[in-house]
Amino acid sequence: MNIEQLVRATRTCRRFQQHEPIAIDTLRWLVELARLGGSARNLQPLKYLLVSDPELNAAIFPHLGWAGYLPEWPGPAAEERPAAYVICLLDTRLAQEAECDLGIATQNLLLGATSRGLAGCRIGSFSGKLHGLLDLAAHLKILLVIALGKPLEEVHLEELPPDGSIRYWHDAAGVHHVPKRPLADLIVTTGKG
């Protein structure tokens, strides 16, 4: 795959082949890709907790929110849940924020996942109880949970509909549709655009 194909194929996936395990070595490789990305002021304040144990996966799952634009959908059904998680943490001894780093790191990680036939979902909606469940040190703040697994759903990119809605949606067959703004709407030609 060339870079454009890889970027187009790297889509948020929320339904997985739950019983297809992901080896810890694969998770470590994905974090290596995250680690190699840029870091504001080169502080490198992100840490990662790797989870591939089915029992811990099951304990984490109820603490996650899955799709804000699909309020009627409770999240992946049994047998469709993630096979692994990468919990992205901020070491508050090193920095108080890392949004730029987090975006770079997680995109690298998800591009790597796609290159290996995996898919993922960045989850920023999670219970405050997750920190205690994972028995994390006080200086580690959960920023994001990345759910991972072999994809069980199809994702299609769509042109923005006439009403301009950016809301993603599922069709009757369960295909996930994601509207994207057209390129012409994103490029500014003068300082007044």
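Among the residues of the stretch 42-53, which ones are in contact (Cβ under 8 Å) with a residue 40 or more places away in the chain and surrounded by fewer than 14 Cβ atoms within 10 Å (Cβ to Cβ)?
Passing the criteria: only Leu43.
Within the stretch 63-71, can one find any residue that is surrounded by fewer than 18 Cβ atoms within 10 Å (Cβ to Cβ), more than 18 Å from Leu143 (Cβ to Cβ) and modelled with pLDDT of 95 or more?
no
Take the stretch 84-96 and flag every residue that is surrounded by fewer than 20 Cβ atoms within 10 Å (Cβ to Cβ) and touching a strand residue (DSSP E or B) at 6+ places or on another chain (Cβ under 7 Å). I'd like the intermediate steps shown before the answer.
First pass over the stretch 84-96, keeping only residues surrounded by fewer than 20 Cβ atoms within 10 Å (Cβ to Cβ): 91-96.
If the condition is that a residue be surrounded by fewer than 20 Cβ atoms within 10 Å (Cβ to Cβ) and touching a strand residue (DSSP E or B) at 6+ places or on another chain (Cβ under 7 Å), then Asp91, Thr92 are the ones that fit.
If you check every pair at least six apart or on different chains, which have Cβ atoms under 9 Å apart with a residue in the stretch 54-67 that is more than 12 Å from Ala83 (Cβ to Cβ) first and a residue that is surrounded by fewer than 18 Cβ atoms within 10 Å (Cβ to Cβ) and charged (D, E, K, R) second?
Every condition considered, the pairs that remain are His63/Lys129.
So, in the stretch 117-143, how many residues would count as being charged (D, E, K, R), surrounded by 11 or more Cβ atoms within 10 Å (Cβ to Cβ) and assigned to a loop (DSSP other than H, G, I, E, B)?
Of the stretch 117-143, the ones charged (D, E, K, R) are 122, 129, 135, 141.
Next cut, surrounded by 11 or more Cβ atoms within 10 Å (Cβ to Cβ) only: 122, 141.
Cutting the leftovers down to assigned to a loop (DSSP other than H, G, I, E, B) gives us none.
Summing the residues that are charged (D, E, K, R), surrounded by 11 or more Cβ atoms within 10 Å (Cβ to Cβ) and assigned to a loop (DSSP other than H, G, I, E, B) in the stretch 117-143 gives 0.
Based on what the data block shows, is Leu36 under 28 Å from Val178 (Cβ atoms) and buried (at least 17 other Cβ atoms within 10 Å of the Cβ)? Spell out how you get there, then give the answer.
Numbers: under 28 Å from Val178 (Cβ atoms): yes; buried (at least 17 other Cβ atoms within 10 Å of the Cβ): no.
Spelling it out, it is not the case that Leu36 is under 28 Å from Val178 (Cβ atoms) and buried (at least 17 other Cβ atoms within 10 Å of the Cβ).
The values are calculated or read from the model by the stated rules, or taken from the named source; none is laboratory data. Every value quoted in this text rests on a predicted model; they were computed, and no experiment measured them. Cβ coordinates were reconstructed from backbone atoms using ideal geometry, including for glycine residues, and neighbour counts include every protein chain displayed.
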